[in-house]
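Read the structure below first, then the notes.
The values are calculated or read from the model by the stated rules, or taken from the named source; none is laboratory data. Quantities reported herein were computed from a predicted structural model and do not represent experimental measurements. Here the Cβ is made from the backbone with ideal geometry for all residues, glycine too, and neighbour counts use every protein chain on show.
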């Protein structure tokens with residue numbers, strides 16, 4: 001096969017140097033008339049002329065035979081990017097002289113006329129190889145990759161640790177040629193090394209290890225060029241779209257999260273990537289899970305479940321933690337300081353910072369951040385005794401998962417019960433009491449004990465006969481120490497102001513704790529005035 005004297009010389013030199021088995025001659029970069037690809041010249045027999053020329057070449061190494069595109073590219077950026085890429089430089093600009101689709105394939109400097117291509121092809125046709133001039137959906141290029149950058153980004157390895165096959169340019173910049181070798185397609189996609197186990201990606205990116213087999217392959221979630229997401233180079237338009245492409249019930253090895261995400265109450269995971277405002281205002285799957293470090297198995301003791309991975313959080317004191325060690329620390333990222341969520345029940349004492357409601361110093365609370373304190377709770381079912389702890393996901397969880405007694409996936413993905421509860425919890429006044437109406441409460445509390453008035457002498461009167469919901473008197477989260485007192489807010493007492501109103505005689509709306517199984521209330525409810533009424 002005639003490839004021209006210049007091409008032959010390169011082929012011989014490559015062979016003498018011990019080149020890869022697949023040379024450019026055997027690849028789709030051979031645009032000559034006898035090339036193996038779909039894009040070929042009509043009669044041109046030289047292979048290398050489409051990029052190189054021994055004479056009349058541009059003053060660009062190595063004997064470049066093409067014009068370079070103008071600096072009019074849209075550059076990749078994202079919140080996660082510590083590098084500073086600019087307009088393409090060096091070898092990247094050479095690659096883009098074909099792959100941006102703006103310069104004719106046959107437009108070479110050593111010829112006065114363009115080389116004609118079969119089928120009337122002029123520029124690179126639309127498809128995976130045509131990157132275009134918008135590089136915002138492509139892996140960043142033409143930035144300095146040095147130890148300073150690696151020190152700013154803990155997910156990057158140092159340049160000194162790169163394998164020999166991965167090379168930066170003479171200026172220390174990462175270019176297209178860092179990952180691609182235009183002259184050899186030995187590993188497919190003109191990669192400089194194999195990537196069947198993500199070894200090319202992980203040569204630069206140190207993202208941790210995961211026990212989830214599918215998550216170990218970068219290409220399962222990421223697309224290096226023309227990614228639908230733009231930022232973060234995801235295969236889906238958003239993080240949620242990417243995750244649900246496997247977690248949609250079609251993959252039997254992946255839990256069907258999509259079914260939960262179609263329910264009435266969900267954690268919204270379809271926020272646009274890099275949307276304006278705080279990242280925590282835009283909930284995504286990765287707000288709670290680090291897919292790169294997720295594990296298998298069950299949580300041990302009060303520790304965080306392995307499927308969270310090494311995800312950041314906020315401690316009970318309000319301090320950011322790099323890796324959360326408890327589930328509530330993950331929840332506190334969004335539902336604590338700065339939370340914009342609105343309580344579903346209006347309260348005498350209003351609070352939307354769950355960190356303060358669940359603090360170990362709270363006046364009374366469900367035991368999330370610390371074991372249950374002393375006091376008597378006769379209604380607790382076995383296993384929920386004083387000294388036990390609960391997780392946020394014991395109450396807030398998918399209604400078909402383990403927390404609700406089902407076999408579906410757990411977690412706080414979606415539920416038919418609001419606000420994203422594992423079981424039904426009615427808060428409307430005049431609700432008829434039943435096992436179903438307060439199924440959430442009866443997960444831990446013995447209904448028989450409640451209706452037998454073992455902990456409060458008029459429980460049955462209130463919730464069954466007068467149809468007053470549990471939420472009328474009890475705040476399920478807790479009462480912060482800065483807002484309540486043991487005299488008025490023990491036993492999670494924090495009246496719902498849409499049901500319970502001030503006592504018209506004294507103007508007071510309060511509960512007074514008078515000791516073991518004793519207290520009095522100042523209020524008006526269901527036409528009954530307590531000013532006060534004790535027990």
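Answer with yes or no whether residue 246 is over 25 Å from residue 81 (Cα atoms) and outside the structural domain of residue 134 (by TED's automatic domain parsing).
Taking the combined requirement at face value, the residue satisfies it.
Any residue at all in the stretch 38-46 that's closer than 28 Å to residue 224 by Cβ, buried (at least 18 other Cβ atoms within 10 Å of the Cβ), in contact (Cβ under 8 Å) with a residue 12 or more places away in the chain and out of contact with any helix residue (DSSP H, G or I) (no Cβ under 9 Å at 6 or more places or on another chain)?
no
Each row is one residue, and each column tells you yes or no for (1) surrounded by fewer than 21 Cβ atoms within 10 Å (Cβ to Cβ); (2) in contact (Cβ under 8 Å) with a residue 60 or more places away in the chain.
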| position | (1), (2) |
| --- | --- |
| 306 | yes, yes |
| 309 | no, yes |
| 313 | no, no |
| 320 | yes, no |
| 337 | yes, no |
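Looking for something assigned to a loop (DSSP other than H, G, I, E, B), in contact (Cβ under 8 Å) with a residue 12 or more places away in the chain and surrounded by fewer than 16 Cβ atoms within 10 Å (Cβ to Cβ) - is there at least one such residue anywhere in the stretch 469-477?
Step one: of the stretch 469-477, the residues assigned to a loop (DSSP other than H, G, I, E, B) are 469, 473, 475-477.
Keeping just the survivors that are in contact (Cβ under 8 Å) with a residue 12 or more places away in the chain gives 469, 473, 475-477.
With the extra rule that they be surrounded by fewer than 16 Cβ atoms within 10 Å (Cβ to Cβ), the set shrinks to none.
Scanning the stretch 469-477, I find no residue that is assigned to a loop (DSSP other than H, G, I, E, B), in contact (Cβ under 8 Å) with a residue 12 or more places away in the chain and surrounded by fewer than 16 Cβ atoms within 10 Å (Cβ to Cβ), so the answer is no.
Okay, residues lined up against (1) crowded, with 19+ Cβ neighbours inside 10 Å; (2) part of a helix (DSSP H, G or I); (3) free of Cβ contacts under 8 Å to residues at least 24 places away in the same chain; (4) out of contact with any strand residue (DSSP E or B) (no Cβ under 9 Å at 6 or more places or on another chain):
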position	(1), (2), (3), (4)
112	no, no, yes, yes
122	no, no, yes, yes
125	no, no, no, yes
130	no, no, no, yes
136	no, yes, no, no
141	yes, no, no, no
149	no, yes, no, no
154	no, no, no, yes
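Mind counting the residues in the stretch 421-448 that are more than 15 Å from residue 466 (Cβ to Cβ), in a loop (DSSP other than H, G, I, E, B) and in contact with a strand residue (DSSP E or B) (Cβ under 9 Å, 6 or more places away or on another chain)?
9
I'd like to verify a number: residues in the stretch 59-92 that are within 30 Å of residue 274 (Cβ to Cβ) and touching a residue at least 40 places away in the same chain (Cβ under 8 Å), how many?
22
Can you name the condition, by its number, that residue 387 falls short on among (1) under 30 Å from the mean Cα position of the chain (by Cα); (2) surrounded by fewer than 18 Cβ atoms within 10 Å (Cβ to Cβ); (3) on the phi > 0 side of the Ramachandran plot?
Unmet for residue 387, out of (1) under 30 Å from the mean Cα position of the chain (by Cα); (2) surrounded by fewer than 18 Cβ atoms within 10 Å (Cβ to Cβ); (3) on the phi > 0 side of the Ramachandran plot: (1).
How many residues does the stretch 162-189 contain that are out of contact with any strand residue (DSSP E or B) (no Cβ under 8 Å at 6 or more places or on another chain), under 25 Å from residue 86 (Cβ atoms) and exposed (fewer than 15 other Cβ atoms within 10 Å of the Cβ)?
Result for the stretch 162-189: 1.
From the list 372, 360, 377, which residue is modelled with pLDDT under 95, in a loop (DSSP other than H, G, I, E, B) and buried (at least 17 other Cβ atoms within 10 Å of the Cβ)?
Result: 372 is the single residue among 372, 360, 377 that is modelled with pLDDT under 95, in a loop (DSSP other than H, G, I, E, B) and buried (at least 17 other Cβ atoms within 10 Å of the Cβ).
Can you confirm whether residue 326 is on the phi < 0 side of the Ramachandran plot, assigned by TED's automatic domain parsing to the domain that holds residue 302 and surrounded by 18 or more Cβ atoms within 10 Å (Cβ to Cβ)?
For residue 326, the condition - on the phi < 0 side of the Ramachandran plot, assigned by TED's automatic domain parsing to the domain that holds residue 302 and surrounded by 18 or more Cβ atoms within 10 Å (Cβ to Cβ) - is met.
In the stretch 76-109, how many are assigned to a loop (DSSP other than H, G, I, E, B) and either closer than 16 Å to residue 130 by Cα or in contact with a strand residue (DSSP E or B) (Cβ under 7 Å, 6 or more places away or on another chain) (or both)?
12
Look at residue 101 and say whether it is in the same structural domain as residue 40 (by TED's automatic domain parsing), in contact (Cβ under 8 Å) with a residue 40 or more places away in the chain, surrounded by 14 or more Cβ atoms within 10 Å (Cβ to Cβ) and at positive phi.
no
Within the stretch 208-218, does at least one residue satisfy the condition of being assigned to a loop (DSSP other than H, G, I, E, B) and over 27 Å from the mean Cα position of the chain (by Cα)?
Among the residues of the stretch 208-218, not one is assigned to a loop (DSSP other than H, G, I, E, B) and over 27 Å from the mean Cα position of the chain (by Cα), which makes the answer no.
Can you tell me which condition residue 340 does not meet? The list is (1) modelled with pLDDT under 95; (2) within 15 Å of residue 480 (Cβ to Cβ); (3) within 24 Å of the chain's Cα centre (by Cα), and all the others hold.
Failed condition: (2).
From the list 302, 286, exactly one residue is surrounded by fewer than 20 Cβ atoms within 10 Å (Cβ to Cβ), in contact with a helix residue (DSSP H, G or I) (Cβ under 9 Å, 6 or more places away or on another chain) and in contact (Cβ under 8 Å) with a residue 60 or more places away in the chain. Which is it?
302
Can you give me the number of residues within the stretch 343-357 that are part of a loop (DSSP other than H, G, I, E, B), closer than 22 Å to residue 319 by Cβ and under 27 Å from the mean Cα position of the chain (by Cα)?
Residues meeting the conditions: 2.
Considering only the stretch 259-269, state which residues are out of contact with any strand residue (DSSP E or B) (no Cβ under 9 Å at 6 or more places or on another chain) and surrounded by 18 or more Cβ atoms within 10 Å (Cβ to Cβ).
The answer is 269, and nothing else.
So that you can scan it fast, the table gives a plain yes or no per residue for (1) assigned to a helix (DSSP H, G or I); (2) within 14 Å of the chain's Cα centre (by Cα); (3) in contact (Cβ under 8 Å) with a residue 60 or more places away in the chain:
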site: 224; (1), (2), (3): no, no, yes
site: 228; (1), (2), (3): no, no, yes
site: 236; (1), (2), (3): no, yes, no
site: 241; (1), (2), (3): yes, yes, no
site: 253; (1), (2), (3): no, no, no
site: 263; (1), (2), (3): no, no, yes
